[in-house]
Structures are given as C-alpha cells and as structure tokens.
Amino acid sequence: MAESTRLLGSAARKTDYPFCPRPEVALAGRSNVGKSSLINCLAGRHQLARISGTPGKTRNIFFYLIRNEIVLVDLPGYGFARVSKGERNRWGIMIEEYLQESENLQGIIQVLDIRHKPSAQDQEMFNWLRAAEIPFLLVATKADKIKKGKWNKHVQDIKQELDPGLEKEQLVVFSAQSATGREKVWSFLKSLKG
Ligand SMILES: Nc1nc2c(ncn2[C@@H]2O[C@H](COP(=O)(O)OP(=O)(O)O)[C@@H](O)[C@H]2O)c(=O)[nH]1
Ligand SMILES: [Mg+2]
C-alpha cells in the first residue's frame with residue numbers, strides 16, 4: 001500500500017500536474033519564509049519537503065499528500081530580488097495557471113514572517129486571494145524567533161497592513177520549530193474537507 005504521506009509529484013504546467021486524490025490547499029509566500037517547514041511540521045515528517053538553505057531558485061510546484069487527508073501544494077516562493085525578469089515571468093505564469101486551473105483547490109494558506117510587515121508582494125497575494133473568494137488562512141510563522149509577549153503586537157501590525165477587519169481565527173501564530181499553531185492549521189484544513 002502506498003504511504004499516506006508522500007510526494008505525489010512536481011510540475012510546472014497543468015499538463016504535468018499529478019493526480020491528486022484529496023482536496024488541495026496551496027501554500028503561498030515569500031521565498032524562504034518557511035513554507036516547506038510548515039508542510040513538514042503538519043506532516044510530522046522532517047524531510048518530506050526540502051528546506052532550502054539557498055532561497056530564490058524558481059522551482060516547480062510540489063504536491064504532497066498528507067496523512068491521506070489533504071494535498072498540500074507548495075508553490076514557488078515570490079519576492080526574491082536576484083532573479084531575472086524572465087524567471088519572474090515564469091514564476092507568475094506557473095502560479096497563476098495553478099491558482100486558476102487546478103481542479104480541486106479548496107483553500108489557500110498564505111505564509112508570512114511574524115517579524116516583518118507584509119511586503120508589497122504579500123499584499124498583492126492577499127488581495128488576489130480575497131478577490132478569489134476562496135477560504136484562506138494567514139499563517140505568521142517563525143514565532144519562536146520573537147518573545148511570546150510580542151506576538152500580539154506583531155499580529156496587529158500585520159493585520160493593520162493587510163486588513164484591520166480580519167477575524168482573529170483567520171491569522172494563526174505559528175512556529176515550525178516548536179509546532180506552535182499546528183493544531184489550528186489542522187483545524188482549518190479539516191474544515192475544508194468534504
Ligand atoms: N526558527 C525558525 N526557523 C524556521 C521556521 N520555519 C522555517 N525556518 C527556517 O527558514 C529557512 C527557510 O525555510 P523553508 O521552509 O525552506 O522556506 P520556504 O522557502 O518558504 O519553503 C530555513 O532555514 C528554515 O529552517 C520556524 O518556524 N522557526
Ligand atoms: Mg520551500
């Protein structure tokens with residue numbers, strides 16, 4: 001029997017997407033923000049998604065089946081300054097095609113660094129997913145890097161930039177290192193099924 005948590009495949013274009021037997025949830029965020037670490041933390045597997053030491057290389061879209069429940073779709077990270085214009089276009093086409101054409105996209109997790117205000121590209125992504133009217137969750141990761149007493153201030157700053165009217169449960173404080181917030185992200189994933 002195939003493993004219930006595994007890489008289903010990777011692709012750049014729709015014709016190459018693997019068959020996904022479960023609802024798909026895409027992860028969007030800046031390069032190096034912690035998307036792959038989040039996937040590994042949710043999966044309870046350290047080396048499922050590759051953690052990048054060197055950010056910015058435009059990669060394919062990776063599809064991971066998690067516990068036979070959900071498919072997490074690791075989109076290539078945006079906002080890496082040193083890529084060429086051609087690379088950036090390739091990135092845009094890849095992500096847009098996935099977001100518009102995927103057969104079974106049920107939700108999006110936008111990953112932000114809790115320490116930083118959302119960048120212009122974070123805001124663009126957020127506006128896009130708002131307009132798409134798809135269930136979404138904001139995850140403010142790397143929470144272990146700041147004191148717990150400061151979490152709320154950083155969360156408020158992020159909300160202020162994106163949308164002050166965001167509901168509390170739409171933004172989860174997370175750490176892949178300590179697994180803070182893991183259950184809340186799972187609750188979101190489970191709310192999408194079926
Ligand atoms: N301290 C800490 N480091 C993290 C966390 N999440 C990711 N990182 C580190 O941030 C870097 C980029 O992580 P990665 O998951 O590859 O980011 P991605 O490019 O968005 O997939 C790696 O060095 C990770 O170890 C976290 O929650 N806490
Ligand atoms: Mg990654």
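Taken over the range 125-153, the criterion of being within 15 Å of ligand 1 (Cβ to nearest atom), open to solvent by less than 40 Å² (accessible area, probe 1.4 Å) and in a helix (DSSP H, G or I) is satisfied by MET125, ALA143.
The number of residues in the range 52-69 being at pLDDT 90 or above, open to solvent by 20 Å² or more (accessible area, probe 1.4 Å) and under 30 Å from SER84 (Cβ atoms) comes to 1.
Taking the range 156-176 as the range and being open to solvent by 20 Å² or more (accessible area, probe 1.4 Å) and either part of a helix (DSSP H, G or I) or in contact (Cβ under 8 Å) with a residue 40 or more places away in the chain (or both) as the test, the residues that pass are GLN156, ASP157, LYS159, GLN160, GLU161, LEU162, LYS168, GLU169, GLN170, VAL173, ALA176.
For the range 1-26, a residue qualifies if it is more than 21 Å from ARG67 (Cβ to Cβ) and either loosely packed, with under 15 Cβ neighbours inside 10 Å or within 13 Å of ligand 2 (Cβ to nearest atom) (or both), and the qualifying residues are ARG13, LYS14, THR15, ASP16. Please verify whether VAL185 is in contact with a Cys (Cβ under 9 Å, 6 or more places away or on another chain), surrounded by 15 or more Cβ atoms within 10 Å (Cβ to Cβ) and among the hydrophobic types (A, V, I, L, M, F, W, C), treating the condition exactly as stated. So VAL185 passes the test. Which of the residues belonging to the range 27-51 are more than 6 Å from ligand 1 (Cβ to nearest atom), open to solvent by less than 10 Å² (accessible area, probe 1.4 Å) and in contact with a helix residue (DSSP H, G or I) (Cβ under 7 Å, 6 or more places away or on another chain)? Within the range 27-51, LEU27, ALA28, LEU42, ALA49 qualify. The numbered conditions (1) within 16 Å of ligand 2 (Cβ to nearest atom); (2) closer than 17 Å to ALA132 by Cα; (3) at pLDDT 90 or above are all true for LEU72 except (2).
How about the range 94-108: which of its residues are assigned to a helix (DSSP H, G or I) and either modelled with pLDDT under 75 or surrounded by 12 or more Cβ atoms within 10 Å (Cβ to Cβ) (or both)? Scanning the range 94-108 gives MET94, ILE95, GLU97, TYR98, LEU99.
The values are calculated or read from the model by the stated rules, or taken from the named source; none is laboratory data. Just so we're clear, the structure is a prediction, and the values are computed from it rather than from any experiment. Cβ sites come from the backbone with ideal geometry, for glycine too, and all protein chains shown count toward neighbours. These accessible areas exclude ligands, DNA and RNA; they are computed on the full protein's heavy atoms, side chains included. Shrake-Rupley method; radii C 1.70, N 1.55, O 1.52, S 1.80 Å.
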